[in-house]
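Novice: Here it is, the structure, as structure tokens.
Nothing in this text is a laboratory measurement; each read-out follows from the coordinates by a stated rule. Worth saying up front: this structure is predicted, and the values here are computed from it rather than measured. When we count neighbours, we look across all protein chains shown, and the Cβ atoms used for this are built from the backbone with ideal geometry, even at glycine.
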Amino acid sequence: MTRWLLPALLTCACHGRDDCATGDAVDRENCRFEKASALFSAGDDAWRAQLEGLPGAHSRDLLRLRLAVLDPQQGPALCRQMETPAAQDRCRQVAGRPHLASPPRPGEGDAQ
Amino acid sequence: MNGWPLLLALSCQRGEEPTAVSMAELPEDPREALTACAAEPFEELRVLCRIEAAARAAHKADEALTEEACGQVPEGTWRQECHFRAGEELARAGQPAAGLAHCARSGRFSRFCVTHAAWAIPVELGLVGGEDGPERAAALHARLEPVVAAAGGLEPDLRQEAADTFRMSLWYMANLGTGRADPTMAQGAASEEIPAARSAWALEAVRLLAPDGGPLPADAVARLQAAWRDGLVTEGPPLPPERRHGRFEPPAPVPCERGLPWHPLYGGGRRLRGADADEDLLIAILEALWFQPDAQAELFLPWVGDPRDHVRWTAARLLRLAAPLTLDLAATLRELRADPDACVAWNAKRGLEQRAWERPHGKQP
């Protein structure tokens, strides 16, 4: 049974978790961010599943941090989920500044 | 079967960890830090990196590098945040006027920036020399002039508040913890600085009534009024700079005080203005009493019946926030809940709801 079960399990375990496998490391992270931020900005909670499926705490933290910069209102919640001390420290620049969560005034939209 | 989870995990590894670059510690030197930011591969982290470099440059009072770093941050929220950090750090570095110029560019954060910058300035900025009180007041005024001028770069509705906040901050540094409460210095202040000068003098004069802590004398208000009237200098042990703090109340939503003229106090606190010099002095003294963590509620009770609205309302607010020595404060507030003055009654009701006197010093809800 293990002859077919093992490859099947390996396929299932990896499939759908991270389909940004091509390119160099930066390209992969950017690909993950583009996918997650599109869902995140659209209010689609599927970005959480994508995040959980990422291999490695550093990748997950990088994505959380980039999303926190994209939407500082979500910063405190994202920063609380940080897994690595370096990311927790970097995230203080967002979560430690509660005024960042205030909405922009009319005419003060973000250019980024 | 037991080795499968490990096998599954290993099978999905793809040689990760490029992000170590992004999370690396920045060099301490601001120029090196800003240079390192350019190598950061991810835009969002470049933004955070450049803001941190700007803050470090500002902390070293390097205005040009601060400007360069903030200029590399995209316009919008994060550029505003960069100017906010720069404003705070330049003030902390003893450059409040330069700090205010950045606050003026911090958009919707400018009011926060002004408050943070004003209270980040080093104590030494308020310590001035001089032969006598008026001469020291003049020296402090000279230090304030460029700061007030820089406040002119803020949005019109924030200019006065910013100037008054910095006046309070510098007068505070010139008085609190110095071991000398000199009413002649405060009386020699420029007219626009007098409310801040009164408040700052009162803070130190009250502290010197009980420099080791504990309850204040029951006649504290009368003593301070007499010292002010007679130009009596009080001296006592100074406080080390790191202990020059006290109890303060963040601007609280007291409905009856909303829209009334006010002066900034320590931190983001504020006090009502008096209609004349005597009334303004009394309000400054009452607030200064409350600043001392051990000030007892009994000190405020007599003033809850004062004929002047702003005195009465100040006293009612502070009464409900202070702890009593022997007074049955709950019973007193229950009586005051039926006071014909709606503001006194509101404060009494709020006091009974929050029972602040049952909490440790300075812990406000």
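Novice: 222 nm [θ] for chain B, helices only, -39500 (n - 2.57) per DSSP H run of 4+, per residue, to 500?
Specialist: -16500 deg cm²/dmol
Novice: As an exercise, use a Förster radius of 25 Å and the Cβ-Cβ distance of residue A:81 and residue A:46 to find the FRET efficiency, rounded to the nearest 0.05.
Specialist: Here the calculated transfer efficiency is 0.90.
Novice: Work out how much length residue B:127 to residue B:353 would gain on full extension: take 0.36 nm times their residue separation and subtract the Cα-Cα distance, in nm to one decimal.
Specialist: 77.1 nm
Novice: If I take R0 = 30 Å and measure r between the Cβ atoms of residue B:273 and residue B:325 in this structure, what FRET efficiency does the formula 1/(1 + (r/R0)^6) give, to the nearest 0.05?
Specialist: Result of the calculation: an efficiency of 0.50.
Novice: For B:66, A:22, what's the fewest-to-most ordering of other Cβ within 10 Å of each Cβ?
Specialist: A:22, B:66
Novice: Loop by DSSP (not H, G, I, E, B), at most 10 other beta-carbon atoms within 10 Å: where is the longest site-free stretch of chain B for trypsin sites (Lys or Arg not before Pro)?
Specialist: B:1-257
Novice: Next question. How about the stretch A:28-112: which GluC sites (Glu not before Pro) there lie in a loop by DSSP and see at most 16 other Cβ atoms within 10 Å?
Specialist: Listed in order of number, the matching sites are A:83, A:108.
Novice: Over all directions, average the projected area of the Cα convex hull of the stretch B:172-243 and note it in nm².
Specialist: Mean shadow area of the hull around the Cα atoms is 4.7 nm².
Novice: Please compute P(r) over all alpha-carbon pairs of the protein assembly as shown, binned at 10 Å starting from zero, and give each bin as a whole-number percent.
Specialist: 4, 17, 22, 19, 16, 11, 6, 3, 1, 0, 0
Novice: When the Kirkwood radius is taken over all Cα pairs of the stretch B:229-358, what Stokes-Einstein diffusion coefficient follows at 37 °C and 0.692 mPa s, in µm²/s?
Specialist: 213
Novice: Here's another thing I want to ask about it. Taking a point 7 angstrom from the Cα of residue B:31 along the C-beta vector, which residues in the stretch B:48-90 have backbone N less than 19 Å away?
Specialist: It comes to B:50-72, nothing else.
Novice: Along the charge dipole of the protein assembly as shown, Cβ charges K/R +1 and D/E -1, which of B:299, A:81, B:117 sits furthest on the positive end?
Specialist: Going by the Cα projections, it comes out as A:81.
Novice: Next question, about the same structure. Report the equivalent ellipsoid semi-axes for the stretch B:34-139 in whole Å, largest first, defined as the square roots of five times the eigenvalues of the gyration tensor built from alpha carbon atoms.
Specialist: Whole-Å semi-axes of the equivalent ellipsoid: 32, 14, 8.
Novice: Next up: Roughly how many nanometres apart are two label points built 7 Å out from the Cα toward the Cβ at residue B:108 and residue A:89?
Specialist: Using points 7 Å along Cα→Cβ, the separation is 3.1 nm.
Novice: What residue among B:328, B:294, B:182 shows peak mean-square fluctuation when chain B is described by a Gaussian network model with Cα springs under 10 Å?
Specialist: B:328
Novice: Shifting gears a bit: Would you grab the residues whose amide H sits under 5 Å from the one on residue B:323? Only those 5+ places off in sequence or on another chain, please, with H modelled 1.01 Å from N.
Specialist: Residues meeting the criterion, in which the H sits 1.01 Å from N, are B:297.
Novice: Under a point spin-label approximation (7 Å from Cα along Cα-to-Cβ), what is the residue B:38-residue A:101 distance to one decimal in nm?
Specialist: Distance between label points: 3.7 nm.
Novice: Modelled label-to-label distance, residue B:230 and residue B:138, 7 Å Cα→beta-carbon offset: nm?
Specialist: Once both label points are built, they end up 2.8 nm from each other.
Novice: Name the residue, out of B:265, B:158, B:289, whose mean-square fluctuation peaks in a Gaussian network model built on chain B with Cα pairs under 10 Å.
Specialist: B:158
Novice: Starting from the Cα-Cα distance between residue B:212 and residue B:337, subtract it from 0.36 nm times their residue separation and give me the gain in nm to one decimal.
Specialist: Separation in residues times 0.36 nm, less the Cα-Cα distance, equals 41.5 nm.
Novice: Could you pull the Rg and Dmax for the stretch A:41-112, using just the Cα atoms, both in Å?
Specialist: 12.8, 40
Novice: Would you please state which residues of the stretch B:83-107 a label at residue B:61 would reach in this model, taking the label point 7 Å out along Cα→Cβ and a backbone N cut-off of under 13 Å?
Specialist: B:90-99
Novice: Please list the radius of gyration and Dmax for chain B, considering alpha-carbon atoms only, with Å as the unit.
Specialist: So, for chain B, Rg and Dmax equal 25.0, 91 Å respectively.
Novice: If you don't mind, another one. On a 0 to 90° scale, report how tilted helix B:77-92 is relative to the longest principal axis of chain B, with both axes built from alpha carbons and the result rounded to the nearest 10.
Specialist: 60
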